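**Student:** I'd like to ask some things about the structure below.
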Amino acid sequence: MENLISDLNVLSPLDTEQSENFTVSKDQSTGNKRKLYIESYGCQMNYADSEIVASILQKEGFDTTSNIKEADIIFLNTCSIREKAEQTVRARLTHVHGIKKHKPELLVGVLGCMAERLKTKFLEEEKIVDLVAGPDAYRDLPALISQVDEGQKAVNTFLSREETYADISPVRLNSNGVTAFVSIMRGCDNMCSFCVVPFTRGRERSRDPHSVVAEATELFNQGYREVTLLGQNVDSYKWSQEENNKAWMEKKGIRDNVVTFADLLDMVARIHPDLRVRFSTSHPKDITDEVLYTMARHENICKNIHLPAQSGSTRILDMMNRDYTREWYLGKARRIKEILGEDCGISSDMIIGFCSETEEEHQETMSLMDMVKFDFAYMFYYSERPGTLAAKKYADDIPLEVKKRRLDEIIVLQRKHSALRNSMEVNKVYRVLIEGFSKKTEDDLQGRNSSNKVIVFPREDYKKGEYVNVLVTDCTGGTLIGRAVGR
Ligand code: SAM
Ligand code: SF4
């Protein structure tokens, strides 16, 4: 499956879902003696969390390293979204075990969603693990590390009602110096029946908008030219001085002076016209016209919306607890094009083979894809996760071969749609933010246009971090090819 997806070759920093891949911390030298090595799995929110962890440990005397062998601490920041993601981490721990055999003083910690899901069970099942910390426990890492230094195992999987790490300035670990991610909220209150996230990341909390604007402004001043605002359901963002937890805000009936996602988008877009703004992920039940009109008002808010449909069948969507129907989804997709134009990119996540999905319902997913023609989609077959509503209520009854066949079918279809959407860009001129050299050669540069399409063009005297107008002259399935026509 991963090969087919990577064949689409449209991966970009907006990739929210690469749970089987991982990123590695970079070499940092601020003069700290001890070395921290972090591998981050899963979604961009996890990657952003690793940057918070690096920041907390920097103050404790650790610089990050990209060399696992020189580490004093190895952290795996894990993902639980599908079984395969967890298997990857288990395999990685076997490798880490080999390193620890030769370096018994090495501290091995497991962070993130898998840590939260398995808690102390992790210590029982994986003897080499010294420390387990859930996503809301990172401020406690210095104390947990001291506990391990004193010869004990350490665990903190407490989920907080209000933690957003708003005051912590992340250490950018995998940055190209041009684009960066900014977390705007944590947790999720949605309870989609297939999903483990509400259990591993807790209740939904929104981060103080002033701290979001301050972080984005600082990034701009450092030379960054694009920020992506991150949350599991950004359209549900709501913050008030008194309360940042959505459920509590509703319980207390707070309605005045509430900052919504449209307000936040507007605030970030006003920082500077040369700072591009993206966001992910939008939920079809929550995205409002107000958000779309805010996008239309600001040229620097990129015209691309990641709006996971998950399925094209209303019966399956109901079982998934997604709170919208096929018709509602199609209506939202139409509204996006009405307000933002045909050029606005729409991407999706799709799950096939959910419990009891029939062949006709699978065809409905294909027909929804045909109607919307997504620019890009992450596609998965259903993986039952322990403790979720679906695991409790429904049988995971679609045979693996059927799941794989249905997945292949939607991947082939999506590839066609991506190629079609790309071909519509030929002969047009786009403003591109240059992110660096193309993957193939340093003679070419690459960047993305507003709708998140990767464009490759000859380097000439253009540089990373600049905006350039590029005429698209050709395209492959996943990439646009062009030439610069001026700044
Ligand atoms: N919050 C986002 C949303 O609601 O669309 C996405 C969150 S999740 C980290 C990313 C994607 O993983 C989901 O959109 C879904 O397609 C997929 N996913 C989640 N649970 C899954 C499961 N049990 N099996 C297969 N795919 C799953
Ligand atoms: Fe999971 Fe649904 Fe929340 Fe997304 S919105 S994180 S799929 S529960």
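The values are calculated or read from the model by the stated rules, or taken from the named source; none is laboratory data. The structure presented is a predicted model; accordingly, all values stated were derived computationally and were not measured. Glycine gets a Cβ as well: all are built from the backbone with ideal geometry, and neighbour counts include every protein chain shown. Surface areas here come from the heavy atoms of the whole protein model, side chains and all, with no ligands, DNA or RNA. Shrake-Rupley method; radii C 1.70, N 1.55, O 1.52, S 1.80 Å.
**Student:** Which of rounded, prolate, oblate describes the chain, given a ≥ b ≥ c as roots of the alpha-carbon gyration tensor eigenvalues and a/c under 1.5 marking rounded, otherwise prolate only if a/b is larger than b/c? Don't skip to the end; give the middle numbers.
**Tutor:** Numbers: a/c = 1.39, a/b = 1.19, b/c = 1.17.
Rounded is the answer for the chain, as its axis ratio a/c remains below 1.5.
**Student:** Could you compute the FRET efficiency for Asn469 and Met371, with r as their C-beta to C-beta distance and R0 at 30 Å, rounded to 0.05?
**Tutor:** Values: r = 32 Å, r/R0 = 1.08.
So, using R0 = 30 Å, E works out to roughly 0.40.
**Student:** Something else: How much length is gained if the chain between Lys69 and Arg92 is pulled fully straight, taking 0.36 nm per residue apart and subtracting their Cα-Cα distance, in nm to one decimal? Kindly include the intermediate steps, with their values, before the conclusion.
**Tutor:** Working: separation 23, 0.36 × 23 = 8.28 nm, distance 1.40 nm.
So the chain would gain 6.9 nm between Lys69 and Arg92.
**Student:** If you count only protein heavy atoms with a 1.4 Å probe, what accessible area per residue comes out for the chain, rounded to a whole Å²? Provide the component values of the computation, followed by the final result.
**Tutor:** Numbers: 19540 Å² over 487 residues.
Ligands and nucleic acids excluded, the figure is 40 Å² per residue.
**Student:** How large is the charge dipole for the stretch 50-148, taken about the Cα centre, if only the Cβ atoms of Lys, Arg (+1) and Asp, Glu (-1) carry charge, to the nearest 20 debye? Please list the in-between numbers first.
**Tutor:** Working: 14 positive and 15 negative charges, 71 e Å.
Charge dipole of the stretch 50-148: 340 debye, to the nearest 20.
**Student:** Let me ask you something else. Leaving ligands and nucleic acids out of the surface, order Asp375, Asp208 by accessible area at 1.4 Å, largest first. Could you put the intermediate results ahead of the total?
**Tutor:** Numbers: Asp375 15, Asp208 50 Å².
Most to least solvent-accessible, the answer reads Asp208, Asp375.
**Student:** For a test of the definition: using alpha carbon positions, the gyration tensor, and the 1.5 limit on a/c, classify the stretch 165-313 as rounded, prolate or oblate.
**Tutor:** Working: a/c = 1.43, a/b = 1.33, b/c = 1.08.
Rounded shape, in that the Cα axes give a/c under 1.5.
**Student:** Can you pull the percent of the chain's accessible area that's carbon plus sulfur, 1.4 Å probe, other chains left in place? Write out the running numbers ahead of the final one.
**Tutor:** Working: 9830 of 19540 Å².
Carbon and sulfur: 50 percent of the exposed surface of the chain.
**Student:** Turning to a different aspect of this structure: For the pairs Lys26/Lys121; Lys440/Lys463; Lys285/Lys337, note any where the Cα-Cα span goes beyond 19 Å.
**Tutor:** Numbers: Lys26/Lys121 30 Å; Lys440/Lys463 17 Å; Lys285/Lys337 17 Å.
Checking Cα-Cα distances, Lys26/Lys121 exceed 19 Å.
**Student:** Which residues' amide hydrogens lie under 5 Å from the amide hydrogen of Ile481, considering only partners 5 or more residues apart or on another chain, with H built in the peptide plane?
**Tutor:** HN-HN under 5 Å from Ile481: Val456, Thr473, Asp474, Cys475, Thr476.
**Student:** Also, quick follow-up: Between the stretch 229-299 and the stretch 370-400, what is the C-alpha centre distance in whole Å?
**Tutor:** That distance is 28 Å.
**Student:** Picking from Cys43, Asn67, Gly482, whose Cα lies most toward the positive end of the charge dipole for the chain (charges on Cβ: Lys, Arg +1; Asp, Glu -1)?
**Tutor:** Checked the options; the winner is Asn67.
**Student:** Test of understanding: what is the full-extension gain from Gln363 to Asn321, defined as 0.36 nm times their sequence separation minus their Cα-Cα distance?
**Tutor:** On the way: separation 42, 0.36 × 42 = 15.12 nm, distance 2.01 nm.
Extra length available between Gln363 and Asn321 comes to 13.1 nm.
**Student:** Tyr382 accessible area, nearest 10 Å², 1.4 Å probe?
**Tutor:** Rounded to the nearest 10, the figure is 10 Å².
**Student:** While we're here: Could you pull the accessible area for Cys43 with a 1.4 Å probe, rounded to 10 Å²?
**Tutor:** 20
**Student:** Measuring from label point to label point, each 7 Å out along Cα→Cβ, what is the Arg431 to Asp27 span in nm?
**Tutor:** 3.8
**Student:** Once phi is turned into θ = phi - 60°, what whole-Hz ³J(HN,Hα) does the Karplus curve with 6.51, -1.76 and 1.60 give for every residue of the stretch 406-417, x standing for Gly and Pro?
**Tutor:** 5, 4, 4, 4, 6, 5, 4, 4, 5, 4, 4, 5
**Student:** Could you work out how far apart the two model spin labels at Ile254 and Asp274 are, taking each label as a point 7 Å from the Cα in the direction of the beta carbon, and quote it in nm?
**Tutor:** About 3.7 nm, to one decimal.
**Student:** Here's a follow-up. Kindly write out, for the stretch 460-472 in residue order, the coupling ³J(HN,Hα) from the Karplus curve 6.51 cos²θ - 1.76 cosθ + 1.60 (θ = phi - 60°), rounded to whole Hz, with x marking Gly and Pro.
**Tutor:** Once θ is set to phi - 60°, the couplings for the stretch 460-472 become 6, 10, 7, 10, 3, x, 8, 9, 9, 8, 10, 8, 7 Hz.
**Student:** Sticking with this one: Return a whole-number percent for the relative contact order of the chain, with Cα pairs under 8 Å and 6 or more residues apart as the contact set. List each step's numbers first, then the result.
**Tutor:** Numbers: 1019 pairs, mean separation 53.7, N = 487.
Value for the chain: 11 percent.
**Student:** Still on this structure, I have one more. With every protein chain present, what accessible area does Tyr381 have (1.4 Å probe, heavy atoms only), rounded to the nearest 10 Å²?
**Tutor:** Taking all protein chains as shown, Tyr381 has close to 70 Å².
**Student:** Amide H to amide H, which residues 5 or more places from Ser348 or on other chains are under 5 Å from it, using H placed in the peptide plane?
**Tutor:** Close amide H contacts, sequence-distant or interchain: Leu307, Phe376, Ala377, Tyr378.
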